[in-house]
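Okay, so here's the structure we're looking at.
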Amino acid sequence: MPDTLTITDNRTGKSYEVPIKDGVIKAPDLRQIKAGPDDAGLATYDPAFMNSAACRSRITYIDGDKGILEYRGYPIEQLAEHSTYLETAYLIMFGELPTTAQLASWTKEITFHTMLHENIKKLMEGFQYDAHPMGVFLSTVGAFSTFYPDAKNIFDDASRKKQIHRLIAKVPTIAAYAFRHSIGRPYVYPDNELSFVGNFLNMLFKMTELKYQVNPVLERALDVLFILHADHEQNCSTTAMRVIGSSHGDPYSAMAGAAAALYGPLHGGANEAVLRMLVEIGNVNNVPAFIKRVKGGEGRLMGFGHRVYKSYDPRAKVIKQTADAVFEVTGKNPLLEIALELERIALQDEYFVSRKLYPNVDFYSGLIYQAMGFPVEMFPVLFAIPRTSGWIAQWEEMLLDPDQKIARPKQVYVGAKRRDFVPRDQRG
Ligand code: CMC
């Protein structure tokens, strides 16, 4: 059987055969299908990219029906159990798990790039005390492009590596400074003796003590959450990263755009929205009425549903286990009861079942973050820190892919036909 598709255009009666490779046809192959000499050729209409692949990728695999997520072929559950975020970031970037020597050198490179230029600190001080940390985060990442003009050498392998190290290393520092700024505390400089996550917790929570004691359970829990968030193939923010990067600007500018895409409540802002929703519900007894309102079209059940997963999000499963470990240390988050009841009812309700709406990664992550002492505004930032590795791996893959060009979708023009300009005093 040939791997081709035969299309008959009923407007002309002509038939065309187009090749199928890896389960897709190439949209430009449709251009030969024309209704007449003036026809520009057939295209597909796919707002929100519901069924269009924009790249070939070797980084992350998702089977949404089966609830499978793999980075470079490794199941997320195994990485969450055995790996660390830094090791996973290496895997995502370079395609293989590092050897002991490779991991040591990678860790050293990242550790040596955690400091921020003092002028970045001054820049961040300029924000209002109540500035949303995600706004501070994405602005600061964008500002990096002015501090590291060498980043424009995007086709220089060594320069790209340097920006990769800088980005992965510096995002926790930006996030911690944004947090300290919002509560009026002095910034804490990175401590190279600590792990990636330990250092982050130190920069967030250290007060006057000489050495901040990192709780190993919380350190591991945050590391697992970082692993779970490291990449998720062609989601909204990654697509933004690739699209912006396709015009060959520097990676900081592209990542500022990716972070901006992540900020929205339908994407990385959902964890924040979940917490606000749980607070609004306030009590388990109010859950049925809330579900009724959602079903009636009044808002969404935040943390539920996914474009790709049509069964339980595998990340949510791991998070639920992580939550138990965290609550043993911090005490149970009182909102957990409401979340569990929402999940229990929704998983039995025809509205959610028929639409295949299951808890996603954001449903429980916020409860953990809150129990660990993070204000809700920090939640999207906690998503952005690990997603940095996914964004830059996808950006680099796009740059080096000979199939890629500057992104430029088509449109179907349905506006006014050509007409002549009307002087202002003659307009109706
Ligand atoms: N609550 C209630 N109804 C929902 C929800 C929800 N959370 N999600 C989808 N639906 C309904 C929607 O109203 C529609 O119903 P109908 O067919 O009657 O019009 C149907 O389910 C399909 O929804 P959709 O909006 O066409 O689906 P989508 O693939 O465009 O949207 C989504 C995916 C994640 C944006 C959406 O499910 C949603 O808004 N969820 C809440 C926000 C959220 O939790 N986002 C985090 C996503 S996971 C982390 C990340 O990737 O950032």
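Points to keep in mind about this one:
- Test for Lys161: is it open to solvent by 20 Å² or more (accessible area, probe 1.4 Å), in a helix (DSSP H, G or I) and modelled with pLDDT of 95 or more: yes
- Those residues of the range 328-349 which are closer than 15 Å to Leu367 by Cβ, assigned to a loop (DSSP other than H, G, I, E, B) and open to solvent by 60 Å² or more (accessible area, probe 1.4 Å), in sequence order: Lys332, Pro334
- The set of residues from the range 360-381 being within 9 Å of the ligand (Cβ to nearest atom) and either more than 17 Å from the chain's Cα centre (by Cα) or not in a helix (DSSP H, G or I) (or both) comprises just one member, Asn360.
- Selection count, the range 132-146, where residues are over 19 Å from the mean Cα position of the chain (by Cα) and surrounded by 17 or more Cβ atoms within 10 Å (Cβ to Cβ): 3
- Test: Ala384 is within 30 Å of Asp156 (Cα to Cα), surrounded by 19 or more Cβ atoms within 10 Å (Cβ to Cβ) and within 16 Å of the ligand (Cβ to nearest atom): yes
- Here is the figure for the range 26-82: residues that are among the acidic types (Asp, Glu), open to solvent by 50 Å² or more (accessible area, probe 1.4 Å) and more than 30 Å from Lys320 (Cβ to Cβ) total 1.
- Residues being touching a Leu at 6+ places or on another chain (Cβ under 7 Å), within 30 Å of Lys161 (Cα to Cα) and within 16 Å of the ligand (Cβ to nearest atom) are entirely absent from the range 192-212.
- Boolean, Val274 is among the β-branched types (Val, Ile, Thr), modelled with pLDDT under 95 and either in contact with a Phe, Trp or Tyr (Cβ under 8 Å, 6 or more places away or on another chain) or within 16 Å of the ligand (Cβ to nearest atom) (or both): yes
- Subset tally (residues that are part of a loop (DSSP other than H, G, I, E, B) and open to solvent by 60 Å² or more (accessible area, probe 1.4 Å)) for the range 1-19: 5
- Pairs are defined by a Cβ separation below 6 Å, a sequence spacing of at least 6 or placement on different chains, a first member in the range 260-273 that is within 17 Å of Ala48 (Cα to Cα) and touching a residue at least 12 places away in the same chain (Cβ under 8 Å), and a second member that is outside any helix (DSSP H, G or I) and of a type in the set (Asp, Glu); no pair meets this definition.
- Residue in the range 412-419 that is in contact with a Phe, Trp or Tyr (Cβ under 9 Å, 6 or more places away or on another chain) and closer than 29 Å to Leu204 by Cα present: no
- Qualifying position, being under 13 Å from the mean Cα position of the chain (by Cα) and of a type in the set (D, E, K, R), among Asp250, Asp223, Asp231: Asp231
The values are calculated or read from the model by the stated rules, or taken from the named source; none is laboratory data. In this text, all values refer to a predicted model and were calculated from it rather than measured experimentally. Glycine gets a Cβ as well: all are built from the backbone with ideal geometry, and neighbour counts include every protein chain shown. Ligands, DNA and RNA are excluded from the accessible area calculation, which covers all protein heavy atoms including side chains. Shrake-Rupley method; radii C 1.70, N 1.55, O 1.52, S 1.80 Å.
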